[in-house]
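Below is one structure, written out as structure tokens, with a few remarks after it.
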Amino acid sequence: MTIFLENARLIDPEAGTVTEGTAILDGGVIAALGAASAPKGAHVIDCGGAFLAPGIVDLGVKIGEPGERHRESFRSAGMAAAAGGVTTIIARPDTHPAIDTPEVLEFVTRRAAEASPVRIRHMAALTKGRLGREMTEIGFLLDAGAIAFTDAAHVATNTKVLSRALTYARSLGALVIGHPQEPELSSGASATSGKFASLRGIPAVHAMAERIGLDRDIGLIEMTGARYHADQITTARSLPALERAKANGFDVTAGVSIHHLTLNELDVGDYRTFFKLTPPLRSEDDRMAMIEAVASGLIDVIGSFHTPADEESKRLPFEDAASGAVGLETLLPAALRLYHAGQLDLPQLFRALALNPARRLGLPQGRMAEGAPADLVLFNPDTPFVLDRFKLRSKSKNTPFDGARMEGKVLATFVGGRHVFAAE
């Protein structure tokens, strides 16, 4: 079906512009922008002045298949993503078993294609079992469709194994995604060191643990020449090292979670476990530094780092509770907090949410241009609502935004020109 979207405000993250116009979706791509009238037989949608942007490419999503389907399935994750304007999920390999062989990768790829209304691409483990002892068959996994390689939050302590994996990845042009953290310093930590953590008696880790981990990874990138993406930079102490690495011409990019851009360590309050994340929430100064880094382009990508957890694993003492929060459905309204605060404009937001992750992964998505995939989100940034976690489409409901006043409603989501979500 040909779709004609009229009376829209088009966000172009490449050009950095917002313009009034129209879009024709046909054959799975954006066939034309700015057409004066609808093609014959097209289905016409009046956008009513709402914003039309490239669909979000969410880098670093945990899905519970295989092994933890009770927490999140491909179907439930896909439905949540569509409702949140996420048109491409980049799934992590921290499953049970880990995605560390071509056979497991082919299984999850097939299951995702059958069950999800949005696109799902998979990262594969960098080492077998994500144990950091022996690298996976990177070449075979690339052939099977792996889009990048990571051990997620399991940080390799054997630098010889890691350096060999990076060298091999470089020879194949594979992207390696690291989790900058010194594993011994951060072991068992539930908060960031400081007065607040001390007063609450919460086991904490110093912000330097992230900087130490990043420094090690950058040293190995300098040695091996591999393509590298830091999944989450969350402290101001890490930014000078990242800036130097980029200035030195290393193939390095970095991301940050939406929770570290919109929340700080004080939000933990009276041991609210929905605010327990990995890395832990940081100081307000760190949060503001991350926003400035996104605005300047030093940090390239914003992601939800969607990590579903069931009630039993969250209803525990703070230090024993599982880490992580769901975010597929809340990523866009949470990001719009930065827009409403005047800290980032809409093209800047969608550069980090869509264009940059797509570019880094070599995907054609993330662009508002003729010939680009018709993966789009239509939204009104000014619609207010109070979030009710039980209305989320994710199987797990562990969101730190439960009961929060938010602004920004997704009106429609298109994947390959198909209308996969429409607001009620």
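The values are calculated or read from the model by the stated rules, or taken from the named source; none is laboratory data. Keep in mind the model is a prediction, meaning the values are calculated, not measured. Don't worry about glycine lacking a Cβ; one is built from the backbone with ideal geometry, like all the others, and counts go over all protein chains shown. Side chains are part of the model used for accessible areas, which takes the heavy atoms of the whole protein and leaves out ligands, DNA and RNA. Shrake-Rupley method; radii C 1.70, N 1.55, O 1.52, S 1.80 Å.
General remarks:
- 16 Å cut-off, amide nitrogen to a point 7 angstrom out along E370 Cα→Cβ, residues in the stretch 6-22: 21-22
- Placing R0 at 41 angstrom, the Cβ-Cβ distance between H43 and E311 gives a FRET efficiency of 0.45 after rounding to 0.05.
- Simple spin-label estimate for A115 and E184 in nanometres, 7 Å along Cα-Cβ: 4.0
- Loop-located trypsin sites (Lys or Arg not before Pro) across the stretch 266-304 with a Cβ neighbour count of 14 or fewer within 10 Å are R272, with loop assigned by DSSP.
- Value of relative contact order over the chain, rounded to a whole percent, pairs C-alpha under 8 Å and six or more apart: 20
- In the stretch 288-393, the trypsin sites (Lys or Arg not before Pro) that fall in loop regions by DSSP, at most 16 other Cβ within 10 Å: R315
- Prolate/oblate/rounded label for the stretch 304-424 (Cα gyration tensor, a/c 1.5): prolate
- Area projected by the alpha carbon convex hull of the stretch 223-364, averaged over all directions, nm²: 9.8
- Charge sum, other residues only, whose C-beta stays under 15 Å from C47's C-beta, Lys/Arg counted +1 and Asp/Glu -1: -2
- Rounded, prolate or oblate (a/c below 1.5 giving rounded, otherwise prolate when a/b exceeds b/c) for the stretch 49-206 by Cα gyration tensor: oblate
- The phi-based Karplus calculation (6.51 cos²θ - 1.76 cosθ + 1.60; θ = phi - 60°) puts the 3J(HN,Hα) values of the stretch 375-388 at 9, 9, 10, 10, 8, 10, x, 9, 6, x, 7, 9, 6, 10 Hz, whole numbers, x for Gly and Pro.
- Taken per residue, the accessible surface of the chain reaches 39 Å², heavy atoms only and a 1.4 Å probe.
- Here K391 is the anchor, and the lysines within straight C-alpha reach of less than 24 Å, apart from those fewer than 8 places off in the same chain, are K62, K276, K314, K409.
- Lys, Arg +1 and Asp, Glu -1 on Cβ, resulting dipole of the chain about Cα centre, debye, nearest 20: 360
- Choice from I56, I99, I212 showing the highest fluctuation, given a GNM over the chain with Cα pairs closer than 10 Å: I212
- Amide H contacts under 5 Å for L175, placed H, 5+ residues apart: F149
- Estimated FRET transfer efficiency when R0 is 41 angstrom, pair E319-T17 (beta carbons, to 0.05): 0.30
- Summed residue charge, Cβ within 13 Å of T88's Cβ, Lys/Arg positive, Asp/Glu negative: +3
- Across the stretch 2-93, Cα pairs under 8 Å and at least six residues apart give a relative contact order of 27 percent.
- Taking only the C-alpha atoms of the stretch 353-395, the Rg (one decimal) and the largest Cα-Cα distance, Dmax (whole number), read 14.9, 39 Å.
- Positive-end extreme of charge dipole, the stretch 77-212 - chosen from A115, A209, S163 (charges on Cβ): A209
- Under the Karplus curve 6.51 cos²θ - 1.76 cosθ + 1.60, θ = phi - 60°, whole-Hz ³J(HN,Hα) for the stretch 29-42, x wherever Gly or Pro sits: 10, 7, 6, 7, 10, x, 5, 6, 8, 6, x, 4, x, 6
- Cubic angstrom per residue, convex hull over Cα atoms of the chain: 126
- Fraction of accessible area attributable to carbon and sulfur, the stretch 341-424 (%, probe 1.4 Å): 47
- The mean sequence separation of alpha-carbon pairs under 8 Å and at least six residues apart, normalised by the residue count of the stretch 63-137, gives a relative contact order of 34 percent.
- DSSP bridge pairs, the chain: antiparallel proportion in percent, nearest 5: 50
- In Hz, Karplus ³J(HN,Hα) per residue of the stretch 188-198 (6.51, -1.76, 1.60; θ = phi - 60°; x = Gly, Pro): x, 7, 10, 8, 8, 4, x, 4, 4, 4, 5
- Radius 9 Å from Cβ of A144, net charge of other residues (Lys, Arg +1; Asp, Glu -1): -3
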